[in-house]
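Asker: Let me give you the structure first, and then I'll get to my questions.
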Amino acid sequence: MSRAVTVSQINRYIANLFKQDYTLSGIQVKGEISGCKYHYSGHIYFTLKDAGAAISCVMFSSQRKGLDFTLEDGQSVIVTGRISVFERDGRYQLYAQSIVQDGVGRLYEEYEKLKKRLLSEGLFDEQRKKQIPRFASKIGIVTAKTGAVIQDICNVTYRRNPYVQLYLYPAKVQGEGAAQTVIDGIRYFEKTDVDTIIIGRGGGSVEDLWCFNDEKLARVIAACTKPIISAVGHETDTTISDYAADLRAPTPSAAAELAVYAWREFEIGLSEYRYDLRESIEQILRVRKLELQKYMVLLQHVSPEDMLRQKRLYLADCQERLQRMMERQLTETKHRLALYAEEMKGLSPLQKLQSGYTYTADESGSHIDSVSRLTKGQHLMLTFADGKAKVTVDEITGQKNGG
């Protein structure tokens, strides 16, 4: 009797068979999604089916980085991955590594190859991209002449700034020859005086947007001397033109928002700048006025005019002090003179005369101070306090010539 094996052993054995099969380790399976479920852990569980069969699939959260669309029931997709056994349940399933929508797998590969090559050439480098003018007055638009794109851009532009002029170059944006018409539009506007160029179209399938993945168009965009905004498809759509352009807009309406400045906001901002500028100037003037006043005060102390004024004040003060000193000196001198005069009254000949004395002189006017100088019959002049008298000596008494 043969030895029995466990369920785990048989499932592990079958799993090893799957791993050893090279075909199953890297396979692409095409089918329709059914029962799609996004788990809170980040994993995606779904069933891939066709008209005759179905297979369970899982995409782990670590593999979702390259998934650029949302999986939904009914979508036709191509899943690249490996088929292995889930040992616990004993069933095999497809472990997805990448998922693309059916019909675009080949185009996607071409897109990735071109993107990688142009990226390596530096065509997408941010350093070479031109700045979008903040205050554009003329905008060239390369898109279909009919449809929602041009209408949306016109509506947004009129709402934001009715003074901006829009110029349309009608181009094919889908199908054969579309890329060349977009190139022609860019080259046309490059020779005009527009400030910015917008290229784009509305949403659609990958095939519909494919002309914007054209290599020649990408190089023309990169080489254009005018700044270009690319607005192709919806927000989730990304084309080579988006990478080559100076700015990518998620939608044509958003492109108009980015290219056209809001006139009302500009007016408000201008008023605020005007107010701030006036306040700054007034503040500067106030500060400068205070500084000027300070310097004027300092200058007054060193200016010739102030020095002359100070000298005049000093001279006037000296003159006043000199006047007071002279007056005081004169007063003191008068007092001393009065004292001296009082003291000399007793020595004054006039004072003596007032007391009854006389002044005696001969005819020649010589003072006679002794009888020894007299002779009998001599004429003398006697001076009194109130007049003079001429007399003649009749008699001399007293000693004369020492006798």
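Asker: Across the range 167-196, which residue is modelled with the highest pLDDT among those that are charged (D, E, K, R) and over 14 Å from Thr225 (Cα atoms)? First the steps, then the outcome.
Answerer: Of the range 167-196, the ones charged (D, E, K, R) are 172, 176, 184, 187, 190-191, 193, 195.
Now drop any that are not over 14 Å from Thr225 (Cα atoms), which leaves 172, 176, 184.
Details: Lys172: 92, Glu176: 88, Asp184: 96.
The residue in question is Asp184.
Asker: Spot the failing condition for Gly200; the list is (1) part of a loop (DSSP other than H, G, I, E, B); (2) under 37 Å from the mean Cα position of the chain (by Cα), and only one is missed.
Answerer: Answer for Gly200: the failing condition is (1).
Asker: Shifting gears a bit: Could you say whether any residue in the range 343-362 is open to solvent by less than 90 Å² (accessible area, probe 1.4 Å) and in contact with a Lys or Arg (Cβ under 7 Å, 6 or more places away or on another chain)? Reasoning before the result, please.
Answerer: From the range 343-362, those open to solvent by less than 90 Å² (accessible area, probe 1.4 Å) are 346, 348, 351, 353, 355-356, 358, 360-362; that's our starting set.
When the remaining residues are screened for being in contact with a Lys or Arg (Cβ under 7 Å, 6 or more places away or on another chain), the result is 351.
Looking through the range 343-362, at least one residue is open to solvent by less than 90 Å² (accessible area, probe 1.4 Å) and in contact with a Lys or Arg (Cβ under 7 Å, 6 or more places away or on another chain).
Asker: Turning to a different aspect of this structure: Run down Ser98, Ser120, Ser76 and say which single residue is free of Cβ contacts under 8 Å to residues at least 60 places away in the same chain, open to solvent by 80 Å² or more (accessible area, probe 1.4 Å) and under 29 Å from Ile240 (Cβ atoms). Talk me through it step by step, then tell me what you get.
Answerer: Working: Ser98 fails: open to solvent by 80 Å² or more (accessible area, probe 1.4 Å); Ser76 fails: open to solvent by 80 Å² or more (accessible area, probe 1.4 Å).
The match here is Ser120.
Asker: Give all pairs with beta carbons closer than 8 Å in which a residue from the range 7-30 that is within 10 Å of Gly81 (Cα to Cα) meets a residue that is among the hydrophobic types (A, V, I, L, M, F, W, C) and in a helix (DSSP H, G or I); count only pairs at least 6 apart in sequence or on separate chains.
Answerer: That search, which allows pairs on different chains as well, returns Leu24/Phe18.
Asker: Let me ask something else about it. Sort out which residues of the range 203-231 are within 36 Å of the chain's Cα centre (by Cα), crowded, with 18+ Cβ neighbours inside 10 Å and among the aliphatic types (A, V, I, L, M), and write them in order of number. Working first, answer last.
Answerer: As a first pass, look at the range 203-231 and keep what is within 36 Å of the chain's Cα centre (by Cα): 221-231.
Still in the running and crowded, with 18+ Cβ neighbours inside 10 Å: 221-222, 224, 226-231.
Selection gives Ile221, Ala222, Ile228, Ile229, Ala231.
Asker: For Ser280, state whether it is small (Gly, Ala, Ser) and under 31 Å from the mean Cα position of the chain (by Cα).
Answerer: On the way: small (Gly, Ala, Ser): yes; under 31 Å from the mean Cα position of the chain (by Cα): yes.
So Ser280 fits the description; yes.
Asker: For the range 158-197, give me the residue count where each residue is among the β-branched types (Val, Ile, Thr), open to solvent by less than 10 Å² (accessible area, probe 1.4 Å) and within 24 Å of Phe266 (Cβ to Cβ). Walk me through how you get there before you give the answer.
Answerer: Step one: of the range 158-197, the residues among the β-branched types (Val, Ile, Thr) are 164, 173, 181-183, 186, 192, 194, 196-197.
Now narrow it down to the ones that are open to solvent by less than 10 Å² (accessible area, probe 1.4 Å): 182-183, 186, 194, 196-197.
Then drop every residue that is not within 24 Å of Phe266 (Cβ to Cβ), which leaves 194, 196-197.
Counting residues in the range 158-197 that are among the β-branched types (Val, Ile, Thr), open to solvent by less than 10 Å² (accessible area, probe 1.4 Å) and within 24 Å of Phe266 (Cβ to Cβ) gives 3.
Asker: Out of everything in the range 246-267 that is small (Gly, Ala, Ser) and under 19 Å from Glu126 (Cα atoms), what residue ends up being surrounded by the fewest Cβ atoms within 10 Å (Cβ to Cβ)? Spell out how you get there, then give the answer.
Answerer: Step one: of the range 246-267, the residues small (Gly, Ala, Ser) are 249, 253-256, 259, 262.
Subset that is under 19 Å from Glu126 (Cα atoms): 249, 255, 259.
Values: Ala249: 21, Ala255: 29, Ala259: 27.
Result: Ala249.
Asker: Still on this structure, please answer the following. Mind checking whether some residue in the range 301-311 is among the aliphatic types (A, V, I, L, M), farther than 30 Å from Ile132 by Cβ and in a helix (DSSP H, G or I)?
Answerer: Yes, because at least one residue in the range 301-311 is among the aliphatic types (A, V, I, L, M), farther than 30 Å from Ile132 by Cβ and in a helix (DSSP H, G or I).
Asker: Taking the range 44-100 as the search range and keeping residues that are outside any strand (DSSP E or B) and among the hydrophobic types (A, V, I, L, M, F, W, C), which one is farthest from Leu17 (Cα to Cα)? So that I can check it myself, show each step before the final result.
Answerer: At the first step, the residues of the range 44-100 found to be outside any strand (DSSP E or B) are 50-53, 60-75, 87-90.
Subset that is among the hydrophobic types (A, V, I, L, M, F, W, C): 51, 53, 60, 67, 69, 71.
Working: Ala51: 28, Ala53: 22, Phe60: 23, Leu67: 30, Phe69: 34, Leu71: 31 Å.
Step by step, filter the range 44-100, then rank; the result is Phe69.
Asker: A follow-up question, please. Residue under question is Arg12, and the condition is that it be open to solvent by 90 Å² or more (accessible area, probe 1.4 Å) and in a helix (DSSP H, G or I); does it hold? Reasoning before the result, please.
Answerer: On the way: open to solvent by 90 Å² or more (accessible area, probe 1.4 Å): yes; in a helix (DSSP H, G or I): yes.
Here the answer is yes, as Arg12 does meet what is asked.
Asker: Could you say whether any residue in the range 307-325 is in contact with a strand residue (DSSP E or B) (Cβ under 9 Å, 6 or more places away or on another chain) and at pLDDT 85 or above? Spell out the reasoning first.
Answerer: Quick first cut of the range 307-325, residues in contact with a strand residue (DSSP E or B) (Cβ under 9 Å, 6 or more places away or on another chain) only: none.
No, there is no match, as no residue in the range 307-325 is in contact with a strand residue (DSSP E or B) (Cβ under 9 Å, 6 or more places away or on another chain) and at pLDDT 85 or above.
Asker: Read through the list (1) without any contact (Cβ under 8 Å) to a residue 24 or more places away in the chain; (2) closer than 24 Å to Glu109 by Cα, then give the number of the only condition that Leu71 fails.
Answerer: With respect to (1) without any contact (Cβ under 8 Å) to a residue 24 or more places away in the chain; (2) closer than 24 Å to Glu109 by Cα, Leu71 is out only on (1).
Asker: Another question, then. Being exposed (fewer than 10 other Cβ atoms within 10 Å of the Cβ) and outside any loop (DSSP other than H, G, I, E, B) is the filter; apply it to the range 368-392 and report the residue that is modelled with the lowest pLDDT.
Answerer: Here the residue is Gly387.
Asker: Condition check: closer than 30 Å to Leu209 by Cβ and among the aromatic types (Phe, Trp, Tyr). Does Phe69 satisfy that? Full working, then the answer.
Answerer: Details: closer than 30 Å to Leu209 by Cβ: yes; among the aromatic types (Phe, Trp, Tyr): yes.
Considered against the rule, which asks whether it is closer than 30 Å to Leu209 by Cβ and among the aromatic types (Phe, Trp, Tyr), Phe69 comes out as yes.
Asker: Inside the range 18-35, can you point out the residues that are outside any loop (DSSP other than H, G, I, E, B), open to solvent by less than 90 Å² (accessible area, probe 1.4 Å) and within 16 Å of Tyr95 (Cβ to Cβ)?
Answerer: Let us first name the residues in the range 18-35 that are outside any loop (DSSP other than H, G, I, E, B), namely 18-20, 22-25, 27-35.
Filter once more, so that each one left must be open to solvent by less than 90 Å² (accessible area, probe 1.4 Å): 18, 23-25, 27, 29, 31-35.
Result: Phe18, Thr23, Leu24, Ser25, Ile27, Val29, Gly31, Ile33.
Asker: Between Lys191, Lys226, which is among the basic types (Lys, Arg) and either touching a residue at least 24 places away in the same chain (Cβ under 8 Å) or in contact with a helix residue (DSSP H, G or I) (Cβ under 6 Å, 6 or more places away or on another chain) (or both)?
Answerer: Of the residues listed, the single one that is among the basic types (Lys, Arg) and either touching a residue at least 24 places away in the same chain (Cβ under 8 Å) or in contact with a helix residue (DSSP H, G or I) (Cβ under 6 Å, 6 or more places away or on another chain) (or both) is Lys226.
Asker: Then there is this: Return yes or no: is Ile139 part of a helix (DSSP H, G or I), open to solvent by less than 20 Å² (accessible area, probe 1.4 Å) and out of contact with any Cys (no Cβ under 7 Å at 6 or more places or on another chain)? Break it down stepwise before answering.
Answerer: Working: part of a helix (DSSP H, G or I): no; open to solvent by less than 20 Å² (accessible area, probe 1.4 Å): yes; out of contact with any Cys (no Cβ under 7 Å at 6 or more places or on another chain): yes.
Criteria not met by Ile139.
Asker: Go through the residues of the range 197-208 one by one and say whether even a single one is at pLDDT 95 or above and farther than 16 Å from Ala171 by Cα. Even if it seems obvious, please write down each step before you answer.
Answerer: Looking only at the range 197-208, we keep the residues that are at pLDDT 95 or above, and these are 197-199.
Still in the list and also farther than 16 Å from Ala171 by Cα: none.
Looking through the range 197-208, none of the residues is at pLDDT 95 or above and farther than 16 Å from Ala171 by Cα.
Asker: Is the range 153-169 home to any residue that is within 30 Å of Trp263 (Cα to Cα), touching a residue at least 60 places away in the same chain (Cβ under 8 Å), part of a helix (DSSP H, G or I) and touching a Pro at 6+ places or on another chain (Cβ under 8 Å)?
Answerer: Within the range 153-169 (the criterion being within 30 Å of Trp263 (Cα to Cα), touching a residue at least 60 places away in the same chain (Cβ under 8 Å), part of a helix (DSSP H, G or I) and touching a Pro at 6+ places or on another chain (Cβ under 8 Å)), the answer is yes, since at least one residue qualifies.
The values are calculated or read from the model by the stated rules, or taken from the named source; none is laboratory data. All of these numbers come straight from a predicted model, not from anything done at the bench. All Cβ positions, even for glycine, are placed from backbone atoms using ideal geometry, and neighbour counts span all protein chains on display. The area values use the complete protein model at the heavy-atom level, side chains included, leaving out ligands, DNA and RNA. Shrake-Rupley method; radii C 1.70, N 1.55, O 1.52, S 1.80 Å.
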